[in-house]
Amino acid sequence: MRPDGITNTEMSHDVTVKPDGGRAGARSCAAAAERSARRSRGRRMKTMPASWKLLLLPTLLLMTSCGRTDTKTLDPTQTPPASVPPLADLKREVVLKSENVTENIELRQLVRLFLECSLTADQNKLPNMTAFWSRDGQEIPDSRLTVALEKEQYGIQRLFNITSEEKVGTYSCVFENKVRADFVLATPRFREKRDKPVVSYVHDFVVLPCKMEGSENESLTWLWFKGNETHKERISAQPDRFEIRSQNLTSRLKLINLTFADAGFYYCAAVYAVGSTMNPIKLKVITFWEPLKPFIAILIAVVLLVVVIFLCEKQQSKKKVTEGNEENVDQNNIK
Amino acid sequence: MVAGKQKSVGVSPPDGGWGWVIVGCCFMVTVCTRAVTRCISIFYVEFQGHFGAEYSATAWIHSLVDCITMLCAPVGSLVGNRWSCRVAVMLGGVLSSCGLLLSSFSTSLELLYLTMGVLTGLGFALCYTPAIALVGCYFQQRKALAYGIAMSGSGIGTFVLAPVLQLLIELYSWRGALLIMSAVVANLCVCGALMRPITVQEQTEEATYLQLDSLSEYSFLLQPDFLGLAVSFLFLASGCSLPFVYLVPYALSAGISHQHAAFLMSILGVIDIVGNITFGWLTDQRCLKPHRLSCYILSVAMEGLCCIFAPLLQSFRLLLPFAILYGYFDGAYVALIPVVTSDVVGAKHLSLALGVVYFLHAIPYLLSPPIGGLLVDITESYTGTFLLSGTALLASAFILSALVGIRRCRRQLTVEHAQLPPPADR
């Protein structure tokens, strides 16, 4: 990573901010100020004079940090929510030559995303190149930069705080010569897609499973829906119809006492902080008559065959007996 | 087998004619029993999902069926002997069909153990041994070839049934698939109907002694030849099932892809069929017929050697010849078991002897895969399992070769004492 590249990003802004809730926007600054004021007021009830100092210091600190956020122009990608758990860091680098590159990024949690694009210089070897970042096809304002050629490459970097579901999309770095790299952010996809319907019988129960790939101790929230592409209805556990059992990476929906109305599409949704993914499962409900038809057909064939075989054998043995009698008669005649 | 009341004059084994129909029936019996047993593992995923059970709980079903089929083999051979092979097979067909029918309505895994494990296993046991014994009655010159064709049913049956079962489960879920399987297994009754009894010349002399003591019926058990054979079968059964169970996990752990590992199993199955038929035909040739027992010993020993060298084979290119060799010799010895047994005890005791032989397979079949699994868990590699399997197979071959050696010595002694006639069972 280039040391001077840091200045291209908004990282300096973040470094000065307190680690836990420090990326406070204007709203949260006021809330934090109110909180500390309340605390100081509480202390003021016990010891009057010293409390002024106690009130002054935190308020001053807050004002200075809040002030700093207000002076810098807020970037659309930089509006963080009120209180956020510590974000993990995720870094992706792409080296471009002459073709566009698409990179798929699987997000399971909120992240600070460092994206770096390096364009290898062509024969022209221009000293400078302009580039900008775009999100979902629209250029991010104030992201256009002129980059100098260094070690045969033009490098551009940016930090994106993916702090909510709305921030998930496709981020691209676009260079002047129309070469671009797309970073497609998405929640994890279901790997096992079941294209055959689950079949079950009326009055029986059926278990629809959903499994997501991931690490062992990851705990997911699961939701189930019934419906079709356009209209989905949330399923909640009802004692005599549905039973949902979710455990970490798997979830099972048990439908009890099936009827024909229960047939259709069911969707299981794995809910992540950055969004959710759905997996459709088709349920087909049939009566026992369906497999009974081939069963009875084969049984009838078996019974018929057995009867035919026994009849043939009886006939053959009768023939042998009559032949044997004829032979005896002939022998007697000869005698 | 002997329809004890018939007083017809015995015929020499036809070696053809209706005999081929009997071979076809035995083939169908092997398909409906052994192949169906092997394909039960296809239902595991469905049972796990439906009843919320673990893999080990569902794996008991296959072990139960296999064990009960072998454990009750003497019952089957007894029924076949007392009444007739036809009665035994038809009864077995009805029982196993009912077992599968009841399991399609099952509401718990324990009930499945009872219906699909015990009842179906008992039905299979009633069919398997009498059918094999009847083939031995109908053939003498081409016995090994007939057995080879008959026993190839398990391989060909698995090949055909596996995709058919998958399709049935997709269309009708496991309940419907079991229902249709029970109708398919009912074809055992058709096979039974075709199994005409035959009295072979050897047996007419015995037919006059109808009131045989049950003890003297089992007198062959005390023959030292048969005892040696029995011990070797115990070792054989301990070693032969392990590679089938652990080849795919071993291949996967050696870094071979899923498709290649599945291909290894398919090759094993197909070459098994080839081994059944070709080895049967080979050992029927006049030059090899007197040395049938040695051929059997050779095939078991070769299998054992393959297993011993298996842990050294760490790539697909090396495991492919292993699969081919192992599959061929596995098919070879399976076709020869009834032949070797009939060579040792004689055709008149074949039915009961086969019952005892398959009974001896039961407990090793049940115990050796879990023991192999325990070895894998403890040593965290598959070397121990393959070595165990190879050693058991080699021990079986060694015991039999010792038996052959002792026999030869005895024969030389008896030839020297010229008064005693040479042993009649050759």
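Across the stretch A:88-186, Cα pairs under 8 Å and at least six residues apart give a relative contact order of 36 percent. Our coupling estimate for the stretch A:291-302, obtained by passing each phi through the Karplus curve with A = 6.51, B = -1.76, C = 1.60 and θ = phi - 60°, is x, 5, 5, x, 4, 5, 4, 5, 4, 4, 4, 4 Hz, Gly and Pro reported as x.
If you only keep lysine pairs separated by 8 or more in sequence, or across chains, how many in the stretch A:198-286 come under 15 Å at the Cα atoms?
Working: A:K211/A:K254; A:K226/A:K254; A:K226/A:K282; A:K226/A:K284; A:K232/A:K282; A:K254/A:K282; A:K254/A:K284.
Total qualifying Lys-Lys pairs in the stretch A:198-286 comes to 7.
Converting phi to 3J(HN,Hα) with the Karplus coefficients 6.51, -1.76 and 1.60 and the offset θ = phi - 60°, the stretch A:101-117 yields 10, 10, 10, 8, 10, 9, 10, 10, 8, 6, 9, 9, 9, 9, 10, 10, 10 Hz in sequence order, with x at every glycine or proline.
Placing dummy labels 7 Å off each Cα toward the beta-carbon, the span from A:T277 to B:I371 is 4.5 nm. Within 10 Å of the Cβ of each residue in A:303-311, the mean number of Cβ atoms contributed by other protein chains is 4. With a threshold of 31 Å on the Cα-Cα distance, the over-threshold entries among A:K320/B:K348; A:K97/A:K196; A:K320/B:K143; A:K196/A:K293 are A:K97/A:K196. Listed values for the stretch B:297-302 are Karplus-derived 3J(HN,Hα) couplings in whole Hz (6.51 cos²θ - 1.76 cosθ + 1.60, θ = phi - 60°), namely 4, 4, 5, 5, 5, 4, and x replaces Gly and Pro.
Residue by residue along A:284-292, Cβ atoms of other protein chains within 10 Å of the local Cβ number 4 on average. Taking amide hydrogens as placed 1.01 Å from N in the peptide plane, the amide H of A:N248 sits under 5 Å from those of A:L220, each at least 5 positions away in sequence or on another chain. Taking amide H as placed 1.01 Å from N in the peptide plane, A:D182 has its amide H under 5 Å from the amide H of A:V101, A:T102, A:E103, each at least 5 places away in sequence or on another chain.
The mean sequence distance of close C-alpha pairs (under 8 Å, at least 6 residues apart), as a share of the length of chain B, puts its relative contact order at 25 percent.
Got a sec? How would B:L100, B:L168, A:L223 order by Cβ neighbour count within 10 Å, fewest to most? Could you put the intermediate results ahead of the total?
Working: B:L100 25, B:L168 22, A:L223 18.
The most exposed by this proxy come first: A:L223, B:L168, B:L100.
Kindly state, to the nearest 0.05, the FRET efficiency for A:A237 paired with B:L111, given R0 = 30 Å and r defined as their beta-carbon distance. Walk me through the numbers on the way to the answer.
On the way: r = 27 Å, r/R0 = 0.91.
Calculated transfer efficiency: 0.65.
Throughout, read-outs are computed from the coordinates displayed, never taken from laboratory work. Since the model is a prediction, treat every value here as computed from it, not as a measurement. All Cβ positions, glycine included, derive from the backbone under ideal geometry; neighbour counts span all protein chains shown.
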